[in-house]
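Asker: My structure is below; once you've seen it, I'll send some questions.
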Amino acid sequence: MASRDDLPYLFAARGYTEGVEVGVQSGSFSAHILRHWTGHLHSVDPWQHWPGWNDLANVDQGEQDR
């Protein structure tokens, strides 16, 4: 596997029918998975600001809630 973009092809090749993406943010990668794989995907994101955590997706809680 060259990158995470290859995951839906790996899932299909292994016959997976169900999966979970944790840390979804905007859902764009979930959409990519579902464009290239016919399984059932659970997309999970806690929508919680973590003080001190250095990550572009760790925006303030008001933005998380929106």
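The values are calculated or read from the model by the stated rules, or taken from the named source; none is laboratory data. Just so you know, these numbers come straight off a predicted model, no measurement behind them. In this analysis, Cβ positions are derived from the backbone assuming ideal geometry, glycine residues included, and neighbour counts consider all displayed protein chains. These accessible areas exclude ligands, DNA and RNA; they are computed on the full protein's heavy atoms, side chains included. Shrake-Rupley method; radii C 1.70, N 1.55, O 1.52, S 1.80 Å.
Asker: Sum -39500 (n - 2.57) across every DSSP H segment of at least 4 residues in the chain, then divide by the residue count to get the 222 nm mean residue ellipticity, nearest 500.
Answerer: -8000 deg cm²/dmol
Asker: Still on this model: Treating only the Cβ of Lys, Arg, Asp and Glu as charged (+1, +1, -1, -1), what charge dipole size does the chain show about its Cα centre? Round to the nearest 20 debye. Before the final figure, lay out each step's value.
Answerer: Values: 4 positive and 9 negative charges, 58 e Å.
Roughly 280 debye for the chain.
Asker: Just checking my list [x] 3, 16, 23, 20, 13, 11, 10, 3, 0; [y] 4, 18, 29, 24, 16, 7, 2, 0; [z] 3, 13, 19, 25, 17, 10, 5, 4, 2, 2, 1, 0 against P(r) over Cα pairs in 5 Å bins from 0, in percent computed from this structure; which label fits?
Answerer: [x]
Asker: Let me ask another. On the full set of protein chains, 1.4 Å probe, figure out the accessible area of Thr17 and give it in Å² to the nearest 10.
Answerer: Here the accessible area works out near 100 Å².
Asker: Using 19 Å as the cut-off for backbone N distance, which residues of the stretch 8-29 belong to the label zone defined by a point 7 Å from the Cα of Trp53 along Cα→Cβ?
Answerer: In the stretch 8-29, the label zone of Trp53 (backbone N under 19 Å from the point 7 Å along Cα→Cβ) covers 20-29.
Asker: So, by mean Cβ neighbours within 10 angstrom, what's the order for 45-54, 24-33 with the highest one leading? Write down the numbers at each step before the final one.
Answerer: Working: 45-54: 10.0, 24-33: 14.3.
So the order, starting with the most tightly packed, is 24-33, 45-54.
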